[in-house]
Amino acid sequence: MTSVTGTRATALRATATSYDDLVAGVLRGEFGPDPAAERISVAFTTRQAVRHAGRTGGYRNEVLSLRLGEAVGSCAVEPGELPDSTVEECVGADIAQLLGHARLSVRVAALDAYLMRVRPHGPGGGARPCALPAGSSLEKSRARARAVVELIDAAPGATVLVVGVVNSLLEALRARGLTYIACDLKGGTTEWGEPVHTDALAELARCDAVLASGMTLGNGSFEPLREQALRHGTPLVMFAQTGSAVLPPLIGAGVSAVCAEPYPFFWLDGGPGTLYRYGAAR
């Protein structure tokens, strides 16, 4: 029988070369206990609408979360996309089953839950905890943005491709003297009227660094982005509520740094919280 200590030691040693390689490694038991023996006890969704004071626009979030023991894994979805029956399908199912689920969001949340349990965020896993102070939703959003942007190794004047537009992140990039190209599948414009491009891969070659949301895991755009960043030698920094435990094992395989934010996220509570940063730092 594998001890908890032995399982954690195995998980800390294991890395992956791609998302698919990571899934295969989990299924082979390289990261910890047999995923077929690990069952989800609770599944739930979190829905929110936001309009920060002083901002002209707002947005909605919907997140699928799965609980495995003390760990919670999450994946954002498009609002209204997930049938209510999905949470019932997940409860009682084992991780191996869910890694083969028809919905990518379920597969990502299950992988995240498993890795959160066997490889929890903390100094022992290579993370640098970063305190997130209490405050309003906008104050906490801006504090998170500063922590994320500090992971970008780029001099003032450099151009950052931002995949997954968050206005507080754009604000923080401006404060560092960095220019950016904003990309999001929804298109539109930023808070400052700048165009939001929809094809990130088409813009990557003219950027010095990439800052991307973990939501790319849930919509299937992460792997093409990782592969192209690796091919171009472009640093790829990930900020992740979706898949916060999925991305750290990919550092060195196209991912240069990760700011991980496991559930509960900053927008759920006004109190203090903790982010976990991996990889490059200024």
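Suppose each label sits 7 Å from its Cα in the direction of the beta carbon; what would the Ala131-Glu88 distance come out to in nanometres?
Each label point is offset 7 Å from its Cα along the Cβ direction, giving 4.6 nm.
Using the alpha-carbon atoms, what tilt in degrees (0 to 90, nearest 10) does helix 104-118 show relative to the longest principal axis of the chain?
Rounded to the nearest ten degrees, it is 70.
Could you state the number of Å between the C-alpha centres of the stretch 252-271 and the stretch 180-199?
22
Per-residue ellipticity at 222 nm for the chain, helices alone: DSSP H runs ≥ 4 residues times -39500 (n - 2.57), over residue total, nearest 500 deg cm²/dmol?
Numbers: 10 runs with 86 residues, N = 282.
-8500 deg cm²/dmol, from helical runs alone.
In vacuo Debye scattering of the chain, one point per C-alpha: log10 I(q)/I(0) at q = 0.12, 0.16 Å⁻¹?
-0.71, -1.31
Between the stretch 204-236 and the stretch 23-39, how far is it from one alpha carbon centroid to the other, in angstrom?
Cα centres, the stretch 204-236 to the stretch 23-39: 27 Å.
Specify the residue with the greatest mean-square fluctuation among Ala49, Ala253, Ala229, computed from a Gaussian network of the chain linking alpha-carbon atoms under 10 Å apart.
With Cα springs under 10 Å in the chain, the top fluctuation among Ala49, Ala253, Ala229 is at Ala49.
Can you give the translational diffusion coefficient of the stretch 123-279 in µm²/s, computed by Stokes-Einstein from the Kirkwood radius over Cα pairs at 20 °C and 1.002 mPa s?
Details: Rh = 15.5 Å.
This corresponds to a translational diffusion coefficient of 138 µm²/s.
Within the stretch 81-99, name every residue whose backbone N is under 17 Å away from a label modeled 7 Å from Cα of Arg60 along the Cβ vector.
Within reach of a label on Arg60, which here means backbone N under 17 Å from a point 7 Å along Cα→Cβ, the stretch 81-99 contributes 81-85.
Please compute the contact order of the chain in relative form: average sequence separation of alpha-carbon pairs under 8 Å and at least six residues apart, divided by the residue count, as a percent. Present the calculation step by step, with values, prior to reporting the outcome.
Details: 600 pairs, mean separation 53.6, N = 282.
This gives 19 percent for the chain.
Rounded, prolate or oblate: which one fits the stretch 72-151, using the alpha carbon gyration tensor with axes a ≥ b ≥ c (rounded when a/c is under 1.5, else prolate when a/b beats b/c, else oblate)?
Values: a/c = 2.90, a/b = 1.57, b/c = 1.85.
Oblate is the answer for the stretch 72-151, as a/c is 1.5 or above yet b/c matches or exceeds a/b.
How tilted is helix 4-13 with respect to the longest principal axis of the chain? Cα atoms for both, answer in degrees (0 to 90, nearest 10).
For 4-13 against the chain, the angle is about 40 degrees.
For the chain, modelled as a GNM with alpha-carbon contacts under 10 angstrom, which of Pro33, Pro83, Pro133 fluctuates the most?
Maximum fluctuation in the GNM of the chain, among the listed residues, is at Pro83.
Name the residues whose placed amide hydrogens come within less than 5 Å of the amide hydrogen of Thr274, ignoring near sequence neighbours (fewer than 5 apart) on the same chain.
Leu132
Using only Cα atoms, tell me the angle between helix 222-232 and the longest principal axis of the chain; keep it within 0 to 90° and round to the nearest 10.
60
With the crude spin-label approximation of a point 7 Å out along Cα→Cβ, what separation in nm comes out for Ala96 versus Asp20?
2.1
Taking θ as phi - 60°, what are the ³J(HN,Hα) couplings along the stretch 239-255 by the Karplus curve (6.51, -1.76, 1.60), each to the nearest whole Hz, with x for Gly and Pro?
Along the stretch 239-255, the couplings run 10, 9, 8, 5, x, 4, 9, 6, 7, x, x, 9, 5, x, 10, x, 9 Hz.
FYI, it's all coordinate maths here, none of it is from the lab. Treat the numbers as computed from the prediction; the structure is a model and nothing was measured. Counting neighbours? That spans all protein chains shown, and the Cβs are built from the backbone with ideal geometry, glycine included.
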